[in-house]
1. Yes or no: residue 60 assigned to a helix (DSSP H, G or I), open to solvent by 50 Å² or more (accessible area, probe 1.4 Å), at pLDDT 95 or above and under 30 Å from residue 2 (Cβ atoms)?
2. Is it the case that segment 30-51 has a residue that's acidic (Asp, Glu) and touching a residue at least 24 places away in the same chain (Cβ under 8 Å)?
3. For the structure I just gave you, tell me whether residue 55 is open to solvent by 40 Å² or more (accessible area, probe 1.4 Å), at pLDDT 95 or above and among the polar types (S, T, N, Q).
4. Go through 87, 10, 17, 73 for me and flag whichever is open to solvent by less than 40 Å² (accessible area, probe 1.4 Å), not in a helix (DSSP H, G or I) and not polar (S, T, N, Q).
5. Within the bounds of segment 30-40, is there any residue that is out of contact with any Cys (no Cβ under 6 Å at 6 or more places or on another chain) and more than 26 Å from residue 85 (Cα to Cα)?
6. Identify all residues within segment 2-15 that are under 16 Å from residue 86 (Cα atoms) and modelled with pLDDT under 95; write none if there are none.
7. Which condition breaks for residue 4 when tested against (1) under 21 Å from the mean Cα position of the chain (by Cα); (2) aromatic (Phe, Trp, Tyr); (3) open to solvent by 80 Å² or more (accessible area, probe 1.4 Å)?
Amino acid sequence: MRHFRFSERLGIYCPNLEVEWEKIHPHEQEAILMQWEMIRGSIPDHIAKIEDQINAKQNELNNEEDFSRSCRLNAEISEHASVINDLWLWFRLHQNVSERMHG
């Protein structure tokens, strides 16, 4: 995946162009767009898995009596929510790419 880099935080490959889009050969642009569409298509399922993790942590939090553990769980829930927000941004931000490919 030459034009992508894996984001440990987000758990997906994100576009990482080292040259301007216009300088990339049209055939390579098409391959990049196809790869992005595959990645982008997996984002909702990835978000659903993170939501499951949040729900599990919220269940733990509901039964947690130790204050410091509660704080850690809250921080983990917040980080998961932040990741979901960023994933939705990637999904929506690049939606026009899909529209151009299929339109």
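1. No; evaluated as a whole, the condition is false for this residue.
2. yes
3. Working: open to solvent by 40 Å² or more (accessible area, probe 1.4 Å): yes; at pLDDT 95 or above: yes; among the polar types (S, T, N, Q): yes.
Spelling it out, residue 55 is indeed open to solvent by 40 Å² or more (accessible area, probe 1.4 Å), at pLDDT 95 or above and among the polar types (S, T, N, Q).
4. Sole residue among the options that is open to solvent by less than 40 Å² (accessible area, probe 1.4 Å), not in a helix (DSSP H, G or I) and not polar (S, T, N, Q): 10.
5. In the first step, residues of segment 30-40 are kept if they are out of contact with any Cys (no Cβ under 6 Å at 6 or more places or on another chain); the result is 30-40.
Keeping just the survivors that are more than 26 Å from residue 85 (Cα to Cα) gives 30-31.
Yes; the residues of segment 30-40 include at least one that is out of contact with any Cys (no Cβ under 6 Å at 6 or more places or on another chain) and more than 26 Å from residue 85 (Cα to Cα).
6. 14, 15
7. Failing condition for residue 4: (3).
The values are calculated or read from the model by the stated rules, or taken from the named source; none is laboratory data. These numbers come from a predicted model, not from an experiment. In this analysis, Cβ positions are derived from the backbone assuming ideal geometry, glycine residues included, and neighbour counts consider all displayed protein chains. The area values use the complete protein model at the heavy-atom level, side chains included, leaving out ligands, DNA and RNA. Shrake-Rupley method; radii C 1.70, N 1.55, O 1.52, S 1.80 Å.
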